[in-house]
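Engineer: Just dropping this structure here.
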Amino acid sequence: MADPSAIDFDTVSKAYAGRAAVDGVSLAIPAGQFVAVVGASGSGKTTLLKMVNRLAEPSQGGVRIEGQDVAAQDAVQLRRRIGYVFQGVGLFPHMTVAENIAITPRLLGWVKADIAARVDELLDLVALPRTYAERFPDQLSGGERQRVGVARALAARPSILLMDEPFGALDPITREALGQATRALHDQLGLTTLMVTHDVQEAVLLADRIVVMANGKVLADDTPRALLAGHSDPDVAALMATPARQARAIAALMEAR
Amino acid sequence: MEGQVAAAWALLPDYLAQHVLLSAAALALGVAISLPLSVLAARNTVVRWPLVTLAGMVQTIPGLALLALFYPLLLALSAVTEGAFGFKLQALGFLPALLALTLYAMLPILRNGVAGLTGIDPAVREAADGVGMTPAQRLLRVEAPLAAPVVMAGVRTAAVWTIGAATLSTPVGQTSLGNYIFSGLQTENWVFVLFGCAAAGGLALIVDQLLGLIEWGAGRRRLLPAAAGLALLGLGTAAAAVPPLLAATAPAYVVGAKNFSEQYILAELISGRLTAQGADVARRDGLGSAIVFRALEAGEIDVYVDYSGTLWTNVIGRKDNPPRAQLLAELTRWMKDEKGVVVLGSLGFENAYALAMERKLANSLGVASLDDLTARAPRLTLGGDLEFLSRPEWAAIEGAYGLRFAREKSFNPTFMYRALSSGDADVISAFSSDGRIAAQDLVVLADPRGAVPSYDAVILISPRRAKDRRLIEALTPLIGAIPVERMREANYAVDRDEGKVSPAEAARMLGVGSKP
Ligand SMILES: Nc1ncnc2c1ncn2[C@@H]1O[C@H](COP(=O)(O)OP(=O)(O)OP(=O)(O)O)[C@@H](O)[C@H]1O
Ligand SMILES: [Mg+2]
């Protein structure tokens, strides 16, 4: 048997009240890969992510991390070594930015000085002024909050990063910059990253691999280049054609001037 | 007026200290019980509804009744613990008041605790799990701080309620600021009533503001105000704890009194004689008349004055009605044999239950005795004091004369006499030693069929003091020493509107002096 994958979804399903949110998904994600998950609202992307760190338990099948079944591991310890950026950000409103970022290192019992240094480092990384450290979440803009969410996920130096629409509330310029920074960090730290996004262009530009989901199933799973070249499923083909279509429309607009 | 204010101020340190201690203990206990219960109820929907409903039901029980209910409950429990473990529970005073007030404090804390915890954004709770918190860490680091403002609002409500309801602990023998209110209502000392209300209200306001300061400081992470608020609350409670703790060391004679003027005066008289002997005396004023004898029996009070007829019917449960001397002799024997209680003797006057009317009305209706009243009653309203209508004496009168009134109403004794002049009652249950009978020119209706037993005022001594020579020698000179006219005068001096005197001054008017 070859080296185990970083994350291995083994015909995993999750049903809520009898309706399948995720339906028999099998994916092997090798260590170091940056995977983007795209798909319509309600197609099961968040549920898929939550089964990795046991915020959701599979109804059938299982998830393995580095070959180990997560169901057999202590959920609390598991979560501390996986970074998770929540779809709704989910910052703790009663904690400052610094305390939010420091939470997992603190739970892991890091010494104070290390935590303080790490907070500064992460604020620089997500391009927030260090003076923001003492602010509370309700004193930040939506985009700034998302950046704190990313910093919090990275704080304890996880090897696996799960991001659920991490850049949704950012302006296009910051979004692109933060996307690039995250990708650079991914490469530099050798992370395995699973990122949910609605933005096909972002998926194409950042990811090594794109998984398209619909109704809890994987509709397509390939490199951006291969998927851009076309796909047998018309919905997938239409979805993947959007960046090129928009680029053409913009070009036409520019010429018409 | 100035004398009354000065008298009120003199009592304040003791009343306030006991009030503070009681409320603080009840609130602390209420918080300690309710917070874990809120966590349980917030997590478990199955227990949430019954728990909150139960706490809500407790709240609908009137405070006075809830406090009174704990007396028989603790008495029964005390019998069990004595049999099983050899110690008695204190059924009167601090313990019943504490338990009742704790129950009272629980609802607002419980309800706000559940609301605060269930109101937390589920996304935040999920994030707490997601960053790797254990359930306990999630509770302490995320849920508790986020629910704190709502919980704190509940604690503040509970504090105000508890401080208010603690005034009702007087009738179960726990001294509180309610002593002003209960004795003031009885003796129509409105200065006392107002003083008690103002003191309790002021205390509630201060505590509420200090709790608010703690909440404000904690919410904004201002350590100084939060610590200052906490320190002031702690210091206040500690200061209140000092006098009762010091007092607790001296074993004192405990003199009991029911809740009307004559009882306050006689308790003053008895206390005065004991203090003159150099004895330490503690007082339990304003006890409910059902509670007071059992308190004596249990040794929670040592001495008080009761009335032979009351004991005859209510304690022995006799329905017959022997002549005065025979009743007293039989009562004395029964008390000694059955209860070990000493009936020291009659003070020399009777305070009998009697029906009374205004002279004008009695004359115009031609009513002089209860027999005459039978035919007139269906057009008249009877006003009874708070317990009269449920007492066996009333049943006996009602049965013997076939009385059927158009309406029956209960009044606080003070208001009952007023009801006659205001027309709210035509006939009232008067006491034969009441000064207001002469003052208001009332007619006491004769009892030709002897339905009501005699009511000699007798001194009762608890079983554990039955052989206490100092006590018995101090009080024996009071036997036969107070004629009914003198008692009426003293009562009226306390009850009247103009130039009223304190029960202590009235006790001196009885002329038996405090010299042994
Ligand atoms: N806790 C839950 N209880 C019941 N149903 C749920 C729960 N969580 C998700 N679902 C359902 O499962 C399905 C998939 O939800 P999921 O959140 O995984 O979708 P998604 O792809 O992340 O959507 P979006 O792009 O809108 O975030 C949806 O139909 C949703 O209603
Ligand atoms: Mg989602």
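Engineer: How large is the accessible surface per residue of region B:353-444, computed with a 1.4 Å probe and reported in Å² as a whole number?
Structural biologist: Result: 41 Å² per residue.
Engineer: Okay, moving on. If you count only protein heavy atoms and use a 1.4 Å probe, how large is the accessible surface of B:M152, to the nearest 10 Å²?
Structural biologist: 40
Engineer: Enter the per residue convex hull volume of the protein assembly as shown, computed from alpha-carbon coordinates, in Å³ rounded to the nearest integer.
Structural biologist: Cα-based convex hull of the protein assembly as shown, divided per residue, equals 263 Å³.
Engineer: Any idea how far the Cα center of region B:68-93 sits from the one of region A:180-230, in Å?
Structural biologist: 73
Engineer: Quick one: dipole size for chain B, taken about the Cα centre, charges +1 on Lys/Arg Cβ and -1 on Asp/Glu Cβ, in debye to the nearest 20.
Structural biologist: Computed charge dipole of chain B: roughly 1020 debye.
Engineer: With an 8 Å Cα cut-off and a minimum separation of 6 or more residues, compute the relative contact order for region B:413-516 in percent.
Structural biologist: 29
Engineer: Same structure, new question: Sum -39500 (n - 2.57) across every DSSP H segment of at least 4 residues in chain B, then divide by the residue count to get the 222 nm mean residue ellipticity, nearest 500.
Structural biologist: It lands at -19000 deg cm²/dmol.
Engineer: Only protein chains counted, 1.4 angstrom probe. Which residues of region A:69-88 are at least 40 Å² less accessible in the assembly than when their chain is isolated?
Structural biologist: Residues of region A:69-88 that lose at least 40 Å² of accessible area once the other chains are added: A:V76, A:R79, A:F86.
Engineer: Show me, bin by bin at 5 Å from 0, the whole-percent P(r) of region B:462-504 based on Cα pairs.
Structural biologist: Histogram of Cα-Cα distances, whole percents per bin: 5, 19, 16, 15, 14, 15, 11, 4, 2.
Engineer: May I ask for log10 I(q)/I(0) of region B:353-444 at q = 0.14, 0.21 Å⁻¹, from a Debye sum over the Cα atoms as equal point scatterers with solvent left out?
Structural biologist: -0.42, -1.02
Engineer: Could I ask something else about it? If you roll a 1.4 Å probe over region A:1-129 with all protein chains in place, what percent of the accessible area is carbon or sulfur?
Structural biologist: 50
Engineer: Let me ask something else about it. Which value, in Å³ per residue, describes the convex hull spanned by the Cα atoms of region B:2-246?
Structural biologist: In region B:2-246, the Cα hull volume divided by residue count equals 157 Å³.
Engineer: Heavy-atom accessible area per residue, region A:1-152, 1.4 Å probe: how many Å²?
Structural biologist: 43
Engineer: Two decimals, Cα atoms only, Kirkwood Rh: what is Rg/Rh over region B:1-136?
Structural biologist: 1.14
Engineer: Would you work out the relative contact order for chain A, in percent, from Cα pairs under 8 angstrom that are 6 or more residues apart?
Structural biologist: Rounded, it is 25 percent for chain A.
Engineer: For a test of understanding, tell me how many lysine pairs in chain A have Cα atoms under 22 Å apart, given they are 8 or more places apart or on different chains.
Structural biologist: 5
Engineer: Which value, in debye to the nearest 20, describes the size of the charge dipole of region A:181-257 about its Cα centre when Lys and Arg Cβ atoms bear +1, Asp and Glu Cβ atoms bear -1, and nothing else is charged?
Structural biologist: Charge dipole, region A:181-257, about its Cα centre: 180 debye, nearest 20.
Engineer: Calculate what fraction, in whole %, of the accessible area of region B:307-417 sits on carbon and sulfur atoms when a 1.4 Å probe is rolled over the protein chains.
Structural biologist: Carbon-and-sulfur percentage of accessible area, whole number: 50.
Engineer: Would you please name the GluC sites (Glu not before Pro) within region B:462-498 that are DSSP coil residues with at most 10 other C-beta atoms within 10 Å of their C-beta?
Structural biologist: B:E498
Engineer: Name the longest site-free stretch of chain B, where the excluded sites are trypsin sites (Lys or Arg not before Pro) in a DSSP loop with no more than 12 other beta-carbon atoms within 10 Å.
Structural biologist: No qualifying site falls inside B:1-219, the longest such stretch.
Engineer: Rg(Cα) of region A:93-201 divided by 2.2 N^0.38 Å?
Structural biologist: Cα Rg divided by the expected 2.2 N^0.38 Å: 1.03.
Engineer: Continuing with the same structure: Give me the percent of accessible area attributable to carbon and sulfur for region B:2-246, probe 1.4 angstrom.
Structural biologist: 76
Engineer: Please work out the C-alpha center-to-center distance from region B:98-114 to region B:484-502 and express it in whole Å.
Structural biologist: 43
Engineer: Another question, if that's okay. Counting only DSSP beta bridges with both residues in region B:353-444, tell me the antiparallel percent, nearest 5.
Structural biologist: If we restrict to bridges inside region B:353-444, about 55 percent are antiparallel.
Engineer: Choose one of B:M416, B:I428, B:P378: the residue whose Cα lies farthest towards the positive end of the charge dipole of region B:353-444 (beta-carbon charges +1 Lys, Arg; -1 Asp, Glu; about the Cα centre).
Structural biologist: Value computed over the given set: B:P378.
Engineer: Which value in deg cm²/dmol, rounded to the nearest 500, describes the helix-derived mean residue ellipticity at 222 nm for chain A, given -39,500 (n - 2.57) per DSSP H run of n ≥ 4 and division by the residue count?
Structural biologist: -12500 deg cm²/dmol
Engineer: Normalised by the number of residues in chain B, what is the relative contact order in percent for Cα pairs under 8 Å and 6+ residues apart?
Structural biologist: 15
Engineer: Compare A:T11, A:T104 by solvent-accessible area with a 1.4 Å probe and give them largest first, with all protein chains kept in place.
Structural biologist: In descending accessible area the options line up as A:T11, A:T104.
Engineer: Could you tell me which of the pairs B:K88/B:K409; B:K258/B:K319; B:K336/B:K500; B:K319/B:K360; B:K339/B:K409 are separated by over 28 angstrom between their Cα atoms in the structure shown?
Structural biologist: Table pairs above 28 Å Cα-Cα are B:K88/B:K409; B:K336/B:K500; B:K319/B:K360; B:K339/B:K409.
Engineer: Another one. Hey, got the dipole for region B:353-444? About the Cα centre, +1 on K and R Cβ, -1 on D and E Cβ, debye to the nearest 20?
Structural biologist: It comes to approximately 240 debye.
Engineer: Given all pairs of different Cα atoms, what value in angstroms does the Kirkwood hydrodynamic radius of chain B take?
Structural biologist: The answer is 25.5 Å.
Engineer: How fast does chain A diffuse by Stokes-Einstein, in µm²/s, taking the Kirkwood radius from C-alpha pairs at 4 °C and 1.567 mPa s?
Structural biologist: Estimated diffusion coefficient is 68 µm²/s.
Engineer: Sticking with this one: Give me the accessible area per residue for region A:189-232, probe 1.4 Å, as a whole number in Å².
Structural biologist: Averaged over the residues of region A:189-232, the accessible area is 43 Å².
Engineer: Of B:A240, B:G83, B:L54, which is farthest on the positive side of the dipole of region B:2-246, counting Cα position, with +1 on Lys and Arg Cβ, -1 on Asp and Glu Cβ, and the Cα centre as origin?
Structural biologist: Result: B:L54.
Engineer: Along the charge dipole of the protein assembly as shown, which of A:V25, A:Q73, B:G164 sits closest to the positive end, that is, farthest toward it, with unit charges on the beta carbon of Lys, Arg, Asp and Glu (+1, +1, -1, -1)?
Structural biologist: Toward the positive end, the furthest listed residue is A:Q73.
Engineer: Further, regarding this structure: What is the interface area between chains B and A, defined as buried accessible area summed over both chains with a 1.4 Å probe, reported in Å² to the nearest 100?
Structural biologist: Counting both chains, the buried surface is close to 1600 Å².
Engineer: Right, another one. If one takes the longest principal axis of the Cα atoms in chain B, at what angle in degrees, from 0 to 90 and to the nearest 10, does the Cα axis of helix B:413-422 lie?
Structural biologist: Once rounded, one gets 70 degrees.
The values are calculated or read from the model by the stated rules, or taken from the named source; none is laboratory data. Quick caveat: nothing in here was measured; it's all calculated off a predicted structure. Cβ: placed from backbone, ideal geometry, glycine included. Neighbour counts: every protein chain shown. Heads up: the accessible areas ignore ligands, DNA and RNA and are worked out on the full protein's heavy atoms, side chains in. Shrake-Rupley method; radii C 1.70, N 1.55, O 1.52, S 1.80 Å.
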